[in-house]
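Working notes, structure below.
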Amino acid sequence: MVTIGEIIEKLKVEIFPNPVDKLEKICHEREHGIKTYLDICGSIFNDHVQFKLNHEGSVSYWRNARIEQNVKKIGDYVELLVQELDKDRIIGHCKHHDRFLFSPFDPDIIFIIFYSFHGSLVADSLWSGDITVDEAMKMSAGKLDLDTLGKHLPNKVKRTNDEVIPYFKNSIYERHNAALKEVLICHKKKLNKACNLLLMTTIEGIVRDLASFLNKKQELHLDLNDPKFNSLDSLLRKGEWKDDFEISKTELEIITQEKEPHLLNHSIPMDFQKIGMIGKDKIKVNLKTRLDFLRRRFKEDRDMILHGQMSDYSSNWHLFINFSALLEVFRVIQHYDKLYGNGR
């Protein structure tokens, strides 16, 4: 494990201070890129530490777990970066400058977005599927006004009306259509707070019906009325759901916001299997993993509202999150209907 002192010493040393030829100039670019991202990782690390210091004793379980995971992962990336801050390694990589689309240094941008403080703890919305790379990068740097994501709302509202409600008709989920129609009325009348609150409770009811459906289809014989399943979090976490939801590795990474860091070096063999770039394109996960996002920011917002700790819940940002959550749950229902025969 590299120490803070070693990192500081590495950053002090200029490996290619006065590049004179083409190779040295490319090497200087790589050195500068590595040092830049070491600084960025340091800032991300400090954001997490400062948040814990400022909210000592009041950090929610999922945020605390996420902070610990983020700090660990950023540390892993720092290890890779520090190893590459070596003259022989840099020259070995940069000798391949004539390769097609060669770049002296390629940062793992997706990794940085996933494990940044703002991208994973403040926003936690990449799973919604509508956020552009530019928006995600600004979000991870804390430079995106989250309310601007409300521009995606018209399409989400339209899909709820045109796809979700008709699909639920004559199914086990039809009892939620009245609430969803009320949600749309609230949105049309700009009653955002009512719209958000109703959306959240309706989503939980839909997920519980889905859980009941899977309990039968997966032959789990669970007593879902048991108090241990009272919360949505415990329902997903303690259900012992089967790994029967096939998903791509990329989509799984986005949903869970988890991936291994990588740093390209042409002169050193890379473990492509470890970082998930080779192997099976599809893997099977369970209901808990597929709906993992409901156990993070979504759950925290719900809990804060129920305990009277959040009064400002009328923004376009919250509408974006909740309509996105509804449509993600809808996708999961469609998948399981196709797998097991629909719940009609």
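Residue pairs, Cβ under 8 Å, 6 or more apart or interchain, first in region 222-250 and assigned to a loop (DSSP other than H, G, I, E, B), second of a type in the set (D, E, K, R). List them.
Going by the 8 Å Cβ cut-off, the qualifying pairs are Leu222/Glu240; Leu224/Arg208; Lys238/Lys228; Gly239/Lys288; Trp241/Lys288; Asp243/Lys284; Asp244/Lys284.
Output yes when any residue across region 27-42 is in contact (Cβ under 8 Å) with a residue 24 or more places away in the chain, under 23 Å from Lys143 (Cα atoms), of a type in the set (Lys, Arg) and in contact with an Asp or Glu (Cβ under 8 Å, 6 or more places away or on another chain), and no when none is.
no
Need at least 3 residues that are aromatic (Phe, Trp, Tyr) and under 13 Å from the mean Cα position of the chain (by Cα) per element, so show me which helices (runs of 4 or more DSSP H) inside region 67-156 make the cut, counting only ones lying wholly within it.
Those helices (runs of 4 or more DSSP H) span 109-115.
What is the one condition in (1) in a loop (DSSP other than H, G, I, E, B); (2) open to solvent by 40 Å² or more (accessible area, probe 1.4 Å) that Ser171 does not satisfy?
Status for Ser171: all satisfied but (2).
Out of region 11-34, which residues are surrounded by 18 or more Cβ atoms within 10 Å (Cβ to Cβ) and of a type in the set (Lys, Arg)?
Correct list: Arg30 only.
Does region 235-249 include one or more residues that are at pLDDT below 95, among the β-branched types (Val, Ile, Thr) and open to solvent by 50 Å² or more (accessible area, probe 1.4 Å)?
no
When you scan region 124-144, how many residues do you find that are buried (at least 17 other Cβ atoms within 10 Å of the Cβ), of a type outside the set (Asp, Glu) and in contact (Cβ under 8 Å) with a residue 60 or more places away in the chain?
4
The values are calculated or read from the model by the stated rules, or taken from the named source; none is laboratory data. All values reported here derive from a predicted model rather than from experimental measurement. All Cβ positions, even for glycine, are placed from backbone atoms using ideal geometry, and neighbour counts span all protein chains on display. Side chains are part of the model used for accessible areas, which takes the heavy atoms of the whole protein and leaves out ligands, DNA and RNA. Shrake-Rupley method; radii C 1.70, N 1.55, O 1.52, S 1.80 Å.
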